[in-house]
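Bear in mind that the values in this text are calculations on the coordinates, not laboratory data. Given the structure is predicted, the values throughout are model-derived calculations rather than measurements. Here Cβ is always computed from backbone atoms with ideal geometry, including for glycine, and neighbour counts include all displayed protein chains.
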Amino acid sequence: MAADVEVERVSKIYGGFKAVDDVTLRIAKGSFVSLLGSSGAGKSTILRMISGFEFPDYGTVRIGGKDVTMLPPYSRDVNTVFQNYALFPHMSVAENVAYGLRQDGVPGDERRKRVREALEMVEMLAFAERRPNQLSGGQQQRVALARSLVKRPSVLLLDEPLGALDRKLRQQMQVELKLLQRQLGLTFVFVTHDQEEALAMSDQIAVMRHGKIEQLGGPTELYDAPATAFVAGFIGTQNFIPGQRREATQAMTSDAGTTFMAARIAGEPARNARVLGAVRPENILLSDREPVASPNRLKARVDASVMLGDTLEFVLSLPGGTHFMARVPRRGARQFAPDTEVWAHWEPEFFTLYPYEDLQGNRTGAGPA
Ligand code: ADP
């Protein structure tokens, strides 16, 4: 039976440093929730406080309505799958999966039945007698998963479980994990720094930064309506244009003096406040003539075009040297040769104004336009 997880006003402090800062998060039973953020954001610390490997300095953790804040891991109805599998090399797959049940004193018949079930779930029954070093990385990860599932926890905690796999296999395992979670109806709490992975698998994503949840939402909500410039840049890609909000309107004037119209304003920047306007590369259109009817347009130079399979990405540079990205479907796309001039334009519905924040260190372009 799945259980819900409640993290209420939880903080964890290491030597004066707030690794987790007053976090509240409610995870519905049977849902797939990801904690997403860069390294050091506090994701694993939250997971460890849910599992009982770490205790909060403040706040409460509840699993299935029961206060487990200070209970040890073995007294909680949870199990953790780690990135490094931690399989015993000298034991077969079946013995690895049986290990925890043996520790719990589950009798032989019952144990064998449950090991069989767990290996079937992850489609590894045929490999039951192999040793871990006779398995691929993906197969080892499946065994690690089976070893957690065999204990029938209500909540499964996964700490970057696919981090060691190559991209293709990781994508395949993402789909398998999601299907398995659906089928079992278990609660999954998944830690990752990979936004594509979080988008692909989660019902809800908590975007973490500096020990806090910056935004909690479904994949579509986070992608289409980020609450802050940080989330906007962390999920997918954005072009950011710094400037000044024009009075109390939905318009901004960039540092280079160009006016842009936005359909959305997030976080209520004050009139005339400094803002960042944001537009995603896939919402940019390119034209070799000035699109006079378009309210948002920029003249740029083509630096390069990059083939990304089904899309073509143009790396543009604006006067002053800032990069600006445009992504178009490759089928039927016009080619623009390097060093030619183009007009980049986009509709206000794809443009959002955010209160200005320093995004140095994020993977996003920002500069005068
Ligand atoms: P994430 O999982 O998002 O990468 P962590 O939760 O592992 O982040 O860590 C959050 C912060 O807390 C980091 O700055 C990390 O260095 C620090 N931290 C984590 N565990 C400990 C610990 N046992 N002792 C001291 N600092 C720690």
Diffing the range 217-225: the Karplus 3J(HN,Hα) column from phi (6.51, -1.76, 1.60, θ = phi - 60°), in whole Hz with x for Gly and Pro, holds x, x, x, 5, 4, 5, 6, 8, 9
With Cα springs under 10 Å, the Gaussian network model of the chain assigns the largest mean-square fluctuation among 323, 210, 90 to 90
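For the chain, what's the relative contact order in percent, using C-alpha pairs closer than 8 Å and at least 6 residues apart?
Details: 825 pairs, mean separation 59.0, N = 369.
Averaging sequence separation for qualifying contacts and normalising by length gives 16 percent for the chain.
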Here the convex hull volume per residue of the range 50-100, taken over Cα atoms and given in Å³, is 99 Å³
Once the dipole of the range 3-224 is set up from charges on Cβ (+1 Lys and Arg, -1 Asp and Glu), the residue from the list 103, 121, 15 lying farthest towards its positive end is 103
When all Cα-Cα pair distances of the range 235-366 are considered, the percent exceeding 22 Å is 34 percent
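Sorted by packing (mean other beta-carbon atoms within 10 Å per residue), highest first, where do 10-19, 135-144 land? Each step should come with its number before you reach the end.
Working: 10-19: 14.0, 135-144: 19.8.
So the peptides 10-19, 135-144, ranked by packing, come out 135-144, 10-19.
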Counting Lys and Arg as +1 and Asp and Glu as -1 over every other residue whose Cβ sits under 15 Å from the Cβ of residue 156, the net charge comes to +3
Within the set 91, 49, 201, GNM on the chain using Cα springs under 10 Å gives the largest fluctuation to 91
Counting sequence-distant residues (5 or more places) and residues on other chains, those with an amide H built under 5 Å from that of residue 187 are 3, 30, 156
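Using only the alpha carbons of the chain, what is the convex hull's orientation-averaged projected area in square nanometres?
Hull-based average projected area comes out at 21.7 nm².
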Using alpha-carbon positions, the gyration tensor of the range 1-107 gives root eigenvalues a ≥ b ≥ c; with a/c under 1.5 called rounded, otherwise prolate if a/b exceeds b/c, else oblate, the class is prolate
Which of 331, 111, 48 fluctuates most in a GNM of the chain (C-alpha springs under 10 Å)? That residue is 331
Sorted by chain and then number, the residues having a modelled amide H within less than 5 Å of the amide H of residue 351, at least 5 places away or on another chain, are 263, 264
Which residues qualify? For residue 20, with a placed amide H closer than 5 Å and at least 5 residues away or on another chain, they are 12
Mean Cβ-within-10 Å packing, highest first, puts peptides 164-175, 215-226 in the order 215-226, 164-175
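Let me spell out the model: positive unit charges on the Cβ of Lys and Arg, negative unit charges on the Cβ of Asp and Glu, origin at the Cα centre of the chain. What dipole size does that give, in debye rounded to 20?
My answer is approximately 600 debye.
To make sure I understand, if each residue's beta carbon is the centre and we count other beta carbons within 10 Å, what order do 99, 58 fall in, fewest to most?
Numbers: 99 17, 58 14.
Lowest count first: 58, 99.
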